[in-house]
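A quick write-up on the structure given underneath.
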Amino acid sequence: MENRDRGNQSVTELILLGFGNLPELQTLLFLVFLVIYIVTMARNILIAALVVADQHLHTPMYFFLGNLSCLETCYSSTVLPRMLASLLTGDRTISVSICITQFYFFSALVATECFLLSMMSYDRYLAICKPLHYAVLMNDRFCLQLTVGSWITGFLAMIIIIILMSQLIFCGPTEINSFFCDFIPVIKLSCSDLHVLKVVAFICSSVFSVIPFILTLTSYMCIIITILRIPSTTGKQKAFSTCSSHLIVVTIYYGTLIIAYMLPKTDTLRNLNKIFSVFYTVVTPLLNPLIYSLRNKEVKEALRKALGKCVAFARIMEM
Ligand SMILES: *[C@@H]1O[C@H](CO)[C@@H](O)[C@H](O)[C@H]1NC(C)=O
């Protein structure tokens, strides 16, 4: 009862319930997520490094890809290390300030990803629907503005929400039914007035996810209409192959995000929700580089050359 005393006994530590109380599963989960984390980091860092190092990949499409890979290394790193530590040590407490910081980086990166994905689809739209003007429209300077703009907007946009969140008072219960500090599970625990925060969060999430989503959707509609108008089958296939992987990534990303946030929050669906959040926090950064880049001829070629150089360098060192 005294825990619920408002104001004078605010809680500074919360508990992340994670995947529940399954001691016999902790080690297995730890190993699985550790492997996922290592593979995600290795793949994404490899792609970002290739894009920076290889002259042939210095085009807007690959700059966007490189930036997306960078973003995904950060994204996994906001969620996974913390989760691995608590699976390993069994310590599930997290201080309120770290929890809010985690949510800040997580949400800023989600917003940046939405923007980057829409910039990438706009890039594909120009390449397929306006091929004659592509080089002029999507020049290096514009590409730089779009990427830098995405990062800045993402990180600035979430500051307002974080300022409001940092003023929340928690007075128990303290258990967050998730494996990271997500918005709704965290604010639900607060005993402050949530009116302003909820309105601001609603406006922000609409502006920063719906606008990029509509932009992406429109670009792909134009792309599909253009492709359908191409008379020859080989021409159709060629045009489609340059954007099919983008389409897969965008569909998976928005699909899981929409399902996770739109599903009614009933008890039975809550665990399903956890699975979906594993999907967009853990699985997409793992799969994206595979879908996007490692199937791509130019990236494979760059990788082969880079490996060749490493082998040559190793031989020189041996001599
Ligand atoms: C990100 O984009 C910028 C500008 O388009 C580019 O110069 C930079 O190399 C990209 N970063 C990576 C890691 O690809």
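No value in this document is a laboratory result; all are computed from the given coordinates. Model, not experiment: these values are computed from the prediction.
The three principal axes of the C-alpha atoms in the chain carry coordinate ranges of 72, 55, 35 Å, sorted with the longest axis first. Between the C-alpha center of segment 24-58 and that of segment 127-199 there is a gap of 23 Å.
Which whole-number percent is the relative contact order of segment 13-318 (Cα, under 8 Å, 6+ apart)? Present the calculation step by step, with values, prior to reporting the outcome.
Numbers: 301 pairs, mean separation 79.4, N = 306.
Rounded, it is 26 percent for segment 13-318.
Across segment 189-285 the C-alpha pair distances fall into 10 Å bins from zero in the proportions 13, 30, 31, 16, 8, 2, 0 percent. Highest GNM mean-square fluctuation among MET262, MET138, MET61, for the chain modelled with Cα contacts below 10 Å: MET262. Relative to its Kirkwood radius, the Cα radius of gyration of segment 225-266 gives an Rg/Rh of 1.28.
Taking N as the number of residues in segment 134-263, what value does Rg over Cα atoms divided by 2.2 N^0.38 Å take?
Normalised Cα radius of gyration, segment 134-263: 1.45.
Comparing mean-square fluctuations of PHE64, PHE179, PHE142 from a GNM of the chain with C-alpha springs under 10 Å, the top value falls on PHE142. Measuring how big segment 236-319 is from its alpha-carbon positions, Rg and Dmax come out at 19.8, 67 Å.
In whole percents, the pair-distance distribution calculated for segment 66-156 from its alpha-carbon pairs, binned every 5 Å from zero, is 3, 12, 18, 18, 14, 11, 8, 6, 5, 3, 2, 0. The mean sequence separation of alpha-carbon pairs under 8 Å and at least six residues apart, normalised by the residue count of segment 111-237, gives a relative contact order of 39 percent. Kirkwood radius and radius of gyration were both taken over the C-alpha atoms of segment 106-167, and their ratio Rg/Rh is 1.16. Considering helices alone, the calculated mean residue ellipticity of the chain at 222 nm is -24000 deg cm²/dmol, with DSSP H runs of length four and up weighted by -39500 (n - 2.57) and normalised per residue.
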